[in-house]
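Peer 1: Dropping the structure in here first, questions after.
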Amino acid sequence: MGPLSIRARLTLWYTGVVVAILLLVSVAAYSLLRWHMFNDLDASLFTVAGVLRDVPAADPAAPLPPDLEPLVREFLGPEFADALLQLLDPEGRVRSRALRPGLPLSREARINALRGAPTLETVDFAKGEQARLLTMPVVRGGRVVDLVQVAMPLRRTRQTLIRYVETLAVLVPLGAVLSAVGGWLLARRALRPVDRMSQSALRISAEDLSRRLERRGAEDEIDRLADTLNAMLARLQAAFGEMQRFTADAAHELRTPLTALRGGIEVALRAERSPDEYRRVLASSIEEVDQLIRLAEDLLLLSRSTVGLTATRQPVDLEPLCLEVLELGVRLAKGKGVTVSLGATAPAVVHGDAVALRRALLNLVDNAVKYTPAGGSVVISLDRTGEHVALVVEDTGIGIDSTDTRRIFEPFVRLDAGRSRDTGGSGLGLAIARSIVLAHGGTLEVESRPGGGSRFTIRLPGAPSPERSA
Ligand code: ADP
């Protein structure tokens, strides 16, 4: 069986709580009723016994004085017919009894009576019948002269209590059933806004991400849920838009070299050419194809670094990595009149993908070389401060306008189209570098001034160094 629905669970909880309250109240009401009934009974017994005690004893052997009967009847009410009265001497011998006979005198009651104190007890007086019995001493001139006993069978009291319990036994289950029905209706009402929200969420499709869920303005849980879902929709919409833009840009980037390629071939085919001419066209075609391959590789790299590089995580020593990139940078700068060198370094290890990190650093060095005119310099350095490692690529190149420092990290953004064409960049270099760095939990920042050079910094969380972890 699967988990219960929220509605069923709410109903169960509600019913459970109501039944527990009903039971508690029933037990409390029963105890209170019982206490009151016994209290009333005891009070009546005291009143009747008091009246009998205070009657002047004209003839101790006589039965209950006839003029007392209406009085006793009044105190005991309809119970009078059941009442038992008995007069004893201090030794416990019966002097007189009224109505029905046969009340016992316990040892305890007698001892109490001789001390002048009354005793209340529940006694068996006939087969299976119990009664509440009060034994009260009659004190005259400082001496106990008689004992008055007044008793009342408990049959009626017990019957009333049993009837009360029977009533509860019917009412409590009925209350439980009613509360279950009420709970079910209540849960349905409480969950209706959620139902409505899921209905409107169903109507939002991928083509229609600008739609939002309605808020009711109550600032309650349902509104908070709508806010959360709306925020998620906004993020989805932004991501979707970005993806659409990216696809359009990528298609455009692919089409430009393909058009050039087609144009070249078309022109070559228009007339009979010499083998040399064909060779020239094929050579330039290869250039276009190379550019296409580079673009395809860059796109692949970008998609891989966006998906994440978690599968290939291992400790990467950054010092040798800087040396490798330095070597490649020196080769790139050859013949450009730009010097590439290594600045200060420090031992630093990070957790990650060595190939991807080399690619990120190389892209920065490649750009630095590309955008630095002859006579300039590029310096790669490595620094470790506390928990963080910083890879810095600094150049003395053309720099970047402060309004563009954000934009350059987006795919296919080239600041100076004319200049970029001959440098041959796809506009994906920084996007790839950034997404590799982000996948490593780091940041990529730039500080630059037009004409004043640029400084790109990759910050990564450092892995504990081997010396320290050993
Ligand atoms: P590209 O393939 O065009 O180099 P990138 O994504 O690597 O693409 O860089 C985007 C743009 O940022 C470049 O076209 C260039 O205008 C600018 N840029 C990047 N690095 C530098 C730098 N070191 N100095 C000046 N401009 C830079």
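Just so it is clear, none of the values below were taken in a lab; they were calculated from the coordinates. Since the structure is predicted, the reported quantities are computational estimates derived from the model, not experimental observations. So basically every Cβ, Gly included, is an ideal-geometry build from the backbone, and we count neighbours across all protein chains shown.
Peer 1: Can you compute the label reach from Asp40? Point 7 Å from Cα along the Cβ direction, backbone N cut-off under 12 Å, restricted to the stretch 154-189.
Peer 2: Of the residues in the stretch 154-189, 157-158, 160-161 have backbone N under 12 Å from the label point off Asp40.
Peer 1: Once the Cα atoms of helix 354-370 and of the chain are each reduced to a long axis, what angle between those two axes, in degrees from 0 to 90 to the nearest 10, is obtained?
Peer 2: Once rounded, the angle reads 50 degrees.
Peer 1: Let me ask you something else. How high is the FRET efficiency between Arg155 and Leu191 when r is their beta carbon distance and R₀ equals 51 Å, given to the nearest 0.05?
Peer 2: E between Arg155 and Leu191, to the nearest 0.05, is 0.40.
Peer 1: Figure the gain on full extension for Leu269 and Asp124 (residue separation times 0.36 nm, minus the Cα-Cα span) and round it to one decimal in nm.
Peer 2: Here the segment from Leu269 to Asp124 would lengthen by 39.3 nm.
Peer 1: Where does helix 6-54 land angle-wise versus the long Cα axis of the chain, in degrees 0 to 90, nearest 10?
Peer 2: 20 degrees
Peer 1: Let me check I've understood the local charge: for Ala113, count other residues with C-beta under 15 angstrom from its C-beta, Lys and Arg +1, Asp and Glu -1. What total comes out?
Peer 2: Here the charged neighbours net out to +3.
Peer 1: Which ordering of Ile21, Ile432 is given by a fewest-first count of other beta-carbon atoms within 10 Å?
Peer 2: Fewest-to-most Cβ neighbours within 10 Å comes out as Ile21, Ile432.
Peer 1: Here's another thing I want to ask about it. Which of rounded, prolate, oblate describes the stretch 310-469, given a ≥ b ≥ c as roots of the alpha-carbon gyration tensor eigenvalues and a/c under 1.5 marking rounded, otherwise prolate only if a/b is larger than b/c?
Peer 2: Because a/c hits 1.5 or more and a/b exceeds b/c, the stretch 310-469 counts as prolate.
Peer 1: Just in the stretch 136-207: which trypsin sites (Lys or Arg not before Pro) are loop by DSSP and have at most 14 other Cβ atoms within 10 Å?
Peer 2: Arg203
Peer 1: Can you give me the angle between helix 318-333 and the longest principal axis of the chain, using Cα atoms only, in degrees from 0 to 90, rounded to the nearest 10?
Peer 2: Approximately 30 degrees, to the nearest ten.
Peer 1: I've got another one for you. Using the 10 angstrom Cβ neighbour count as an exposure proxy, how do Val413, Val340 rank, fewest first?
Peer 2: The order, fewest Cβ neighbours first, is Val413, Val340.
Peer 1: Across the stretch 202-218, in residue order, what do the Karplus-derived ³J(HN,Hα) couplings come to in whole Hz, using 6.51 cos²θ - 1.76 cosθ + 1.60 with θ = phi - 60° and x for Gly and Pro?
Peer 2: 4, 7, 8, 10, 4, 7, 10, 6, 7, 6, 10, 6, 6, 9, 8, x, 8
Peer 1: Using alpha-carbon pairs under 8 Å, 6+ residues apart, how would you state the relative contact order of the chain in percent?
Peer 2: This gives 10 percent for the chain.
Peer 1: Report, ordered by chain and residue number, the lysines lying within cross-link reach of Lys370, taken as a straight Cα distance under 30 Å and ignoring same-chain residues fewer than 8 apart.
Peer 2: Lys334, Lys336
Peer 1: Please state the shape class of the chain: rounded when a/c is under 1.5, otherwise prolate if a/b exceeds b/c and oblate if not, all from the C-alpha gyration tensor.
Peer 2: Cα axes put the chain in the prolate bin.
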